[in-house]
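These notes concern the structure reproduced below.
The values are calculated or read from the model by the stated rules, or taken from the named source; none is laboratory data. On a predicted model such as this, the values are computed, not experimentally measured, just so you know. Every residue, glycine as well, gets a Cβ built from its backbone with ideal geometry; the counts of neighbours run over all protein chains shown. Only protein heavy atoms, including side chains, enter the accessible area calculation; ligands, DNA and RNA are left aside. Shrake-Rupley method; radii C 1.70, N 1.55, O 1.52, S 1.80 Å.
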Amino acid sequence: HVQLVESGGGSVQAGGSLRLSCAVSGLTYSRYCMAWFRQTAGKEREGVASIREMGITISADSVKGRFFISADNAENTLYLDMNDLKPEDTAMYYCVVGPRPFSTPCTLGTGDYTSWGQGTQVTVS
């Protein structure tokens with residue numbers, strides 16, 4: 001059973017930076033997708049960035065060049081480094097993971113993911 005615990009959210013000024021962390025436990029499959037999603041009131045969850053176990057990443061156009069996803073396998077931790085934050089980045093951010101037996105890049109669609117964390121709030125003003 002996969003468990004995901006996000007941390008690192010908070011309130012920052014526009015143009016600032018934050019690093020979100022996700023502690024992963026119970027991950028037993030060797031091939032998988034991990035990602036960060038975000039959601040604001042009245043909107044569907046939006047895929048922000050994804051990463052395969054081998055390190056291939058995809059990011060949404062809205063955050064490309066500003067946000068960077070990475071994983072520390074030794075520490076079982078997923079990160080999202082967020083730079084040049086904008087008010088429109090304000091959202092609840094979720095860490096997600098799902099098995100992916102085939103060798104294709106992860107997507108930013110919710111169908112790739114089966115486990116979700118509780119989220120961490122990011123507020124940019």
Quiz item: Can you pull out the residues in the stretch 81-104 that are within 18 Å of residue 56 (Cβ to Cβ), open to solvent by 20 Å² or more (accessible area, probe 1.4 Å) and out of contact with any Cys (no Cβ under 7 Å at 6 or more places or on another chain)?
Solution: 81, 99, 101, 102, 103, 104
Exercise. Could you tell me whether residue 117 is closer than 23 Å to residue 11 by Cβ and either out of contact with any Ser or Thr (no Cβ under 6 Å at 6 or more places or on another chain) or not small (Gly, Ala, Ser) (or both)?
Key: yes
Quiz item: Checking residue 24 against (1) aliphatic (A, V, I, L, M); (2) touching a strand residue (DSSP E or B) at 6+ places or on another chain (Cβ under 7 Å); (3) open to solvent by 30 Å² or more (accessible area, probe 1.4 Å), which test does it fail?
Solution: (3)
Quiz item: What is the number of the single condition among (1) charged (D, E, K, R); (2) closer than 21 Å to residue 4 by Cα; (3) touching a residue at least 24 places away in the same chain (Cβ under 8 Å); (4) out of contact with any helix residue (DSSP H, G or I) (no Cβ under 7 Å at 6 or more places or on another chain) that residue 75 does not meet?
Solution: (3)
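Residue by residue, here is whether (1) assigned to a strand (DSSP E or B); (2) open to solvent by 30 Å² or more (accessible area, probe 1.4 Å) holds:
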{"position": "19", "(1), (2)": "yes, yes"}
{"position": "28", "(1), (2)": "no, yes"}
{"position": "50", "(1), (2)": "yes, no"}
{"position": "55", "(1), (2)": "no, yes"}
{"position": "74", "(1), (2)": "no, yes"}
{"position": "79", "(1), (2)": "yes, yes"}
